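Notes for the one structure printed next.
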Amino acid sequence: MTIQHISPADAKTRLAQGAALIDIREPDEYARENIPEAHLLSLSAIENGDRLGPFEAYDTVIFYCQSGNRTAQNEQKLAAAVAPAKVFFLEGGLNGWKKLGQGIVADKSQPLPIMRQVQIVAGTLILIGVVLGYSVDQAFFLLSGFVGAGLIFAGISGFCGMARLLGAMPWNRR
């Protein structure tokens, strides 16, 4: 099994030669923007044992994520998911693809990815806690501490209550 990193230009050439392009981001990220030729097989689905897809017949597979970090961190797992295909990883991921002016499909009417929403809400709550702690009452610092503790718990356990709560909000329902 050969694993190589390739540039967006090389990926475009390999796609024209019949390679499969696999997006390993989560469905909400994929819905907001993706490369037109890409199939979705999220990393979480692969970790749950999903191996099948429209790329079964391909002997060459190119994986990508947003920036290239997730693919780099999970190279062996991704390669095993499509074995015995020849595996490539898109350098720079979707960001690298866009940077070189390659086309994407974007639907800005889709909500932001859940993890970005969590970052926005957590950052806002921490900032509010600090500002109110200094200007109104020191007890508001507890809000920042509570959010920080929640983030630590989410990092350790893999369960993020805020993400679950945001996922249930009306703007995130499909």
> So what's the chain giving for Cα Rg divided by 2.2 N^0.38 Å, two decimals?
Replying inline: 1.25
> What ranking do Arg164, Arg32 get, fewest neighbouring Cβ atoms within 10 angstrom at the top?
Replying inline: Arg164, Arg32
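Report the per residue volume, in Å³, of the convex hull enclosing the C-alpha atoms of segment 3-106.
Numbers: hull volume 8.7 nm³, N = 104.
Given the Cα convex hull of segment 3-106, per-residue volume reads 83 Å³.
Cross-chain or 8 or more residues apart, Cα under 18 Å: how many lysine pairs in the chain fit that? Count them up, please.
Values: Lys12/Lys86; Lys12/Lys98; Lys12/Lys99; Lys77/Lys86; Lys98/Lys108.
So the count works out to 5.
Where Rh is the Kirkwood radius over the Cα pairs of segment 116-174, the temperature 37 °C and the viscosity 0.692 mPa s, what D in µm²/s does Stokes-Einstein return? Walk me through the numbers on the way to the answer.
Working: Rh = 12.2 Å.
D = 268 µm²/s.
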> In terms of modelled amide H atoms, which long-range or inter-chain residues lie less than 5 Å from the amide H of Thr60?
Replying inline: Ala20, Lys86
>> Rounded to whole Å, give me the distance from the Cα center of segment 1-21 to that of segment 127-164.
In response: 43
> Tell me, Kirkwood radius of segment 46-145 from alpha-carbon pair distances, in Å?
Replying inline: 17.1
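None of the figures in this text is laboratory data; all of them are computed from the coordinates on show. Keep in mind that what you see is a predicted model, and the values were worked out from it rather than measured. Methodologically, a virtual Cβ is constructed for each residue, glycine included, from the backbone with ideal geometry; neighbour enumeration extends over all protein chains shown.
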